[in-house]
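Report on one structure; see the data block that follows.
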Amino acid sequence: TCGADVARSMQNNPAMNTYDDRLDPLSGGWSALRASASAIYHRVEAAIDGDRGIYAEVRAESARTASLLRDVRSADEPERRWELLQQARRAMTATHLAIEQELFPLLSGIGALTTHVECHAQSQAGIDRQLAALANVDPASASFADTLDLVIARFTDHVDRLESELFPRAKRHLSGEAAQLAGERFVAAHRGCLNAFEQASAAPEDDERP
């Protein structure tokens, strides 16, 4: 389940354990608000284009994560960078776990898409590892900015390839109804992951940055 996956992720990444309501888009914070607005914009844009369901939901949450990563890059204070990095990691982890749970299994059974799914899954896992490693870098250092730039570039390329390679092929094999139902399950799984982060972080943990 997504909750179990989140628990394992948080065990491997202790810095994700502390929940800060300043980072919750429902609790305020301009970065969270901008990221949520970006996600809403992409959902509306997708609906206008007739692209709904799992594709629109993945696009929206990917846009939200990208917005948060850009905010990390533009933050002036190291403490603020650190706070935003934790928020971006939660958002990315929730999105990737939900994709692994609801999209990849749906497509991996289609012979023509198996290789594409495997490639995107490997790319996704690589980005997760790189972002997790960034948590061990001092946000005041030049290497933090350099590594973050690599993460942003890699994530942008990954999302572009989802859009240009995987989604068009998936649409040839999945009905609109199947995509819609998958989108609803994705939303529920994504929300469950974020809730699991919040519940797991309720216990006091040491969240010291490097």
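Here are a few things to note about the model shown:
- Of HIS96, HIS116, all but one fail to be touching an Asp or Glu at 6+ places or on another chain (Cβ under 8 Å) and open to solvent by 10 Å² or more (accessible area, probe 1.4 Å); the exception is HIS116.
- Neighbours by Cβ (under 7 Å, 6+ apart or cross-chain): first from the range 168-190, open to solvent by 80 Å² or more (accessible area, probe 1.4 Å); second of a type outside the set (D, E, K, R): HIS173/ILE110; HIS173/LEU113
- Filter pass, VAL151 being of a type in the set (Val, Ile, Thr) and more than 21 Å from SER123 (Cα to Cα): no
So that you can scan it fast, the table gives a plain yes or no per residue for (1) open to solvent by 30 Å² or more (accessible area, probe 1.4 Å); (2) of a type in the set (S, T, N, Q); (3) at pLDDT below 90:
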position: SER38; (1), (2), (3): no, yes, yes
position: ALA47; (1), (2), (3): yes, no, yes
position: GLY50; (1), (2), (3): yes, no, yes
position: THR65; (1), (2), (3): no, yes, no
position: SER74; (1), (2), (3): yes, yes, no
position: GLU77; (1), (2), (3): yes, no, no
position: ARG90; (1), (2), (3): no, no, no
position: LEU106; (1), (2), (3): yes, no, yes
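- Members of the range 146-173 found to be within 18 Å of THR115 (Cβ to Cβ) and of a type in the set (A, V, I, L, M), listed by number: LEU162, LEU166, ALA170
The values are calculated or read from the model by the stated rules, or taken from the named source; none is laboratory data. As the structure is a computational prediction, the values presented were derived from the model and not from experiment. Reconstructed Cβ throughout: ideal geometry from the backbone, glycine too, with neighbour counts over all protein chains shown. Surface accessibility is based on the protein's heavy atoms, side chains included, excluding ligands, DNA and RNA. Shrake-Rupley method; radii C 1.70, N 1.55, O 1.52, S 1.80 Å.
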